[in-house]
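The values are calculated or read from the model by the stated rules, or taken from the named source; none is laboratory data. What you see is a predicted model; the values in this text were computed from it and never measured. Methodologically, a virtual Cβ is constructed for each residue, glycine included, from the backbone with ideal geometry; neighbour enumeration extends over all protein chains shown.
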Amino acid sequence: MVAAYALSPIDLIPDFIPVIGLLDDLVIVPLGIVAAVALIPPALMRELRVAAARRSRRPTSRLAAAAFVASWLAAGAWAVALLWVRAGNPG
């Protein structure tokens, strides 16, 4: 419900009203999150925290992360080069 309010284009106070329009989002969304967390039974919350801790200990690969970053940088460089040539600035 909180996510629906946060993503909804309909607000209690419209966002185009300076300061107050955004202030309702800054108050209602965190209060909604606190309320949602309070409704989770403590036993379930403990179980979910243990599962999250277990998942955070999984191995990570810096080499794979570097490969993904390099591929995105190469794609970006290719796109810039393509736009440069199309703009009439041959290399």
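Brief remarks on what is shown
- Which numbered condition residue 43 misses (of (1) surrounded by 10 or more Cβ atoms within 10 Å (Cβ to Cβ); (2) modelled with pLDDT of 95 or more): (1)
- Qualifying residue in region 6-13 (condition: in a helix (DSSP H, G or I) and either within 23 Å of the chain's Cα centre (by Cα) or not β-branched (Val, Ile, Thr) (or both)): yes
- Residue check, residue 85 out of contact with any strand residue (DSSP E or B) (no Cβ under 7 Å at 6 or more places or on another chain), in the same structural domain as residue 3 (by TED's automatic domain parsing) and at pLDDT below 95: no
- Test result for residue 53, out of contact with any His (no Cβ under 6 Å at 6 or more places or on another chain), of a type in the set (A, V, I, L, M, F, W, C), in a helix (DSSP H, G or I) and surrounded by fewer than 10 Cβ atoms within 10 Å (Cβ to Cβ): yes
- Any hit, region 30-37, residues being at pLDDT 90 or above and more than 22 Å from the chain's Cα centre (by Cα): no
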